[in-house]
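Undergrad: Here's a structure for you.
The values are calculated or read from the model by the stated rules, or taken from the named source; none is laboratory data. Everything numeric here is computed off the predicted structure, so don't read it as measured data. Every residue, glycine among them, receives a Cβ derived from its backbone with ideal geometry; neighbour counts consider all protein chains shown.
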Amino acid sequence: MLDPWLGVPRRILKEGRGNLVYRFDSEDVSALKLRLKVEINTREHFTELGVVRVPFRVDNPWFTGAADASTYAYLRYVEHAGRRLTQPVPSEVEGSRRMIDGQGEHV
């Protein structure tokens, strides 16, 4: 998807991941040499909070398509991380959980 725009990348393949390294000139007057590194994880060992399927659609002049993408249950992850950092009152956590699950009232 980036190749037509940035050229052919250097490909680095390792166990469990792949990297694409693009080198290109900036569009600025000074034309600096830039580098973009794209890291692709090919596996996950575990997920503490589970994954969800999310519809993803792209519609632009370069590409049009749709697919369901697996991703982490992000809101639950944020709730979990926030609880560890701030240790809120248990009733606040339960209220947040009900809101995420769609059982609470939106304010």
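Undergrad: What number of residues in segment 1-21 are surrounded by 12 or more Cβ atoms within 10 Å (Cβ to Cβ) and in contact (Cβ under 8 Å) with a residue 12 or more places away in the chain?
TA: 8
Undergrad: Taking segment 22-57 only, how many residues are under 23 Å from Arg11 (Cβ atoms) and either in contact with a Gly (Cβ under 7 Å, 6 or more places away or on another chain) or surrounded by fewer than 10 Cβ atoms within 10 Å (Cβ to Cβ) (or both)?
TA: 8
For every residue, the table says whether it meets (1) in the same structural domain as Gly65 (by TED's automatic domain parsing); (2) hydroxyl-bearing (Ser, Thr, Tyr); (3) touching a Phe, Trp or Tyr at 6+ places or on another chain (Cβ under 6 Å); (4) farther than 26 Å from Ser70 by Cβ.
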residue: Ile12; (1), (2), (3), (4): no, no, no, no
residue: Arg17; (1), (2), (3), (4): no, no, no, no
residue: Tyr22; (1), (2), (3), (4): no, yes, no, no
residue: Val29; (1), (2), (3), (4): no, no, no, yes
residue: Leu34; (1), (2), (3), (4): no, no, yes, yes
residue: Lys37; (1), (2), (3), (4): no, no, no, no
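Undergrad: Could you list all residues from segment 37-64 that are modelled with pLDDT of 75 or more, assigned to a loop (DSSP other than H, G, I, E, B), more than 23 Å from Gly18 (Cα to Cα) and not hydrophobic (A, V, I, L, M, F, W, C)?
TA: Scanning segment 37-64 gives Gly50, Asn60, Pro61.
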